[in-house]
Each structure stands twice: as structure tokens, then as C-alpha cells.
Amino acid sequence: MTQTNNEAIEEIKKAYKPGLVIPICTTLICIAPYLHLLLDIIDKNYNRLLLLVIISAPLIAYISIVWTKYFYHMSKYKAEVNS
């Protein structure tokens, strides 16, 4: 009986733990315009500069929000698991 309870608790812990897949995929997708901006600056191709800056700025902020949310949920998860 206790082994099945421990297995159930471990399953709940695994299901509740925040995953890394979504933050990593979001970062890779949202960082693309910023990388294009850097490549255009290096190549001295300034015709899309304004567009890329307008797109990149909010996406960089969004990346920081996604990772902050992930670390917040991870610390909350660790606190609940330890208690």
C-alpha cells in the first residue's frame, strides 16, 4: 500500500514539475528576429533595420518574462516538494 502511494506521489510530482521544452522552444523562436538584426548590422544592410528593431524589442522582453515565469514556478515546485 505504501509503495503504491509513493509511486502515486512520484507521478504527481513528475506531472506538476515545470517542463523546459516550452521555454527553450519559445526562446529559439523569439530570438530569430534579434539574430537577423545582428546579421543585418554586421553585413551593413540597413534597409530592414527599423522593422527588426520594432519586432525584436518586445520579443526579448517576452523571452525574459517566459524564463522568469519558469524559474518562479520551479522555485514554487521545489518549495512544495520539500514540504
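The values are calculated or read from the model by the stated rules, or taken from the named source; none is laboratory data. If you're wondering where the values come from, they're calculated on a predicted model, not measured in any experiment. Heads up, the Cβs are rebuilt from the backbone with ideal geometry, glycines too, and the neighbour counts pull from every protein chain shown.
Residues in segment 1-32 that are closer than 17 Å to Val66 by Cα, part of a helix (DSSP H, G or I) and either of a type outside the set (S, T, N, Q) or touching a Leu at 6+ places or on another chain (Cβ under 8 Å) (or both): Val21, Ile22, Pro23, Ile24, Cys25, Leu28, Ile29, Cys30, Ala32. Might you check whether a residue that is aromatic (Phe, Trp, Tyr), surrounded by 10 or more Cβ atoms within 10 Å (Cβ to Cβ) and at pLDDT 95 or above occurs anywhere in segment 1-22? No, there is no match, as no residue in segment 1-22 is aromatic (Phe, Trp, Tyr), surrounded by 10 or more Cβ atoms within 10 Å (Cβ to Cβ) and at pLDDT 95 or above. Counting the residues of segment 39-83 that are surrounded by 12 or more Cβ atoms within 10 Å (Cβ to Cβ), over 30 Å from Tyr16 (Cβ atoms) and not hydroxyl-bearing (Ser, Thr, Tyr) gives 9.
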